[in-house]
Amino acid sequence: MNRRRFAIGVGTLAAALTNTIAKVQGGVDVAAANDGAVARSAGTAGYAAVAFDGLVIFDVRETAAVAAELFGERGPALLGAWRARQFEYQWLRALSRQYADFLTTTDAALTFAARQLGLDVDDAARVRLLAPYRELNLWPDVGDALVTLHRSGVRVALLSNMTRDAMARGLARGGVADLFEAVLSTDAVATFKPDPRAYRLGTEALREPKERILFAAFAGWDVAGAKWFGYPTFWVNRAGAPAEALGVTADAAGDDLRALVRFATEPVR
């Protein structure tokens, strides 16, 4: 069994054992865990670049805590309905060519979810619920992972449905903006992933063939979209979600960025 296939099996097992997104707490020393990768010279990595989905980098778990605080036992129901409609609205607008950006569709989805559940989300509650999407914060393992990739000669970009301004502010707040070569929002082509035009932003900005860009997905549907486009794909399955039944699977998976760093910096055999 080669190392790539071993990574797939280990990552998938780790994802299955992960039961909640709240599991990820505190920082991890990715650089220390990957001394072999750090020691390699630039150009020996298996991939030229990693393109990250925004939710792999930015932690919006605070929305769950706010929903629970504001609505008690009904908080999880609100959160579930909101997140489902959030992506449905984006896809409907992309298919209908009625584009509105990530924050606008996220706000509209919250309005619908509140109506569906008969909850009163006043202006103050709305501001608090949307704040994690407007003022993005990093997952604890991001900084070390990015440093390791940078030292290994792997270029790094963001490729997300989120707005570029919000992502740029979040990277600056987290002190990692200089490590990103490109911050790509699907706003640039007025659509959302999984539209192939959205994924194509990565190849155009990085000027690399798709086979040399590892796409790091947060959601199972994004794994499928990236694979259909032609990217090799790593599923950072922080939520321990089941795989989608769409006929494609990630090249490897794990529940945090440590496994991704190992996979991305593995020399080509």
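A few notes on this one:
- Which numbered condition Ala113 misses (of (1) touching a Phe, Trp or Tyr at 6+ places or on another chain (Cβ under 7 Å); (2) without any contact (Cβ under 8 Å) to a residue 40 or more places away in the chain; (3) of a type outside the set (Lys, Arg); (4) under 25 Å from Gly170 (Cα atoms)): (4)
- Residue count for segment 92-123, restricted to those that are in a helix (DSSP H, G or I) and among the aromatic types (Phe, Trp, Tyr): 2
- Members of segment 177-194 that are of a type outside the set (Ser, Thr, Tyr) and within 16 Å of the chain's Cα centre (by Cα): Phe180, Ala182, Val183, Leu184, Phe192, Lys193, Pro194
- Filtered residue count, segment 128-145, keeping only those that are touching a Lys or Arg at 6+ places or on another chain (Cβ under 9 Å) and under 13 Å from Val66 (Cα atoms): 1
- Sole exception among (1) crowded, with 23+ Cβ neighbours inside 10 Å; (2) farther than 25 Å from Arg61 by Cα; (3) touching a Gly at 6+ places or on another chain (Cβ under 8 Å) for Asn237, by number: (2)
- Single residue of segment 124-144 satisfying the filter (in a helix (DSSP H, G or I) and among the hydrophobic types (A, V, I, L, M, F, W, C)) that is farthest from Val56 (Cα to Cα): Ala124
- Scanning segment 221-245 for residues that are over 18 Å from Arg262 (Cβ atoms) and touching a strand residue (DSSP E or B) at 6+ places or on another chain (Cβ under 7 Å) yields a total of 4.
- Pairs with Cβ under 6 Å, 6+ apart, first in segment 191-215 and without any contact (Cβ under 8 Å) to a residue 12 or more places away in the chain, second polar (S, T, N, Q) and surrounded by 20 or more Cβ atoms within 10 Å (Cβ to Cβ): Arg197/Thr191
- Residue ID - surrounded by the most Cβ atoms within 10 Å (Cβ to Cβ), chosen from residues in segment 151-170 that are charged (D, E, K, R) and free of Cβ contacts under 8 Å to residues at least 40 places away in the same chain: Arg164
- Exclusive hit being assigned by TED's automatic domain parsing to the domain that holds Gly225 and either closer than 22 Å to Arg238 by Cα or touching a Cys at 6+ places or on another chain (Cβ under 7 Å) (or both), set Val176, Val189: Val176
- Residue pairs whose Cβ atoms lie under 6 Å apart, separated by 6 or more positions or on different chains, with the first residue in segment 94-108 and closer than 14 Å to Met162 by Cβ and the second crowded, with 16+ Cβ neighbours inside 10 Å and among the aliphatic types (A, V, I, L, M), are Phe102/Met162.
The values are calculated or read from the model by the stated rules, or taken from the named source; none is laboratory data. Here the structure is a predicted model, which is why all the values come from computation and not from measurement. Neighbour counts are summed over all protein chains in view; Cβ atoms, including those assigned to glycine, are modelled from backbone coordinates with ideal geometry.
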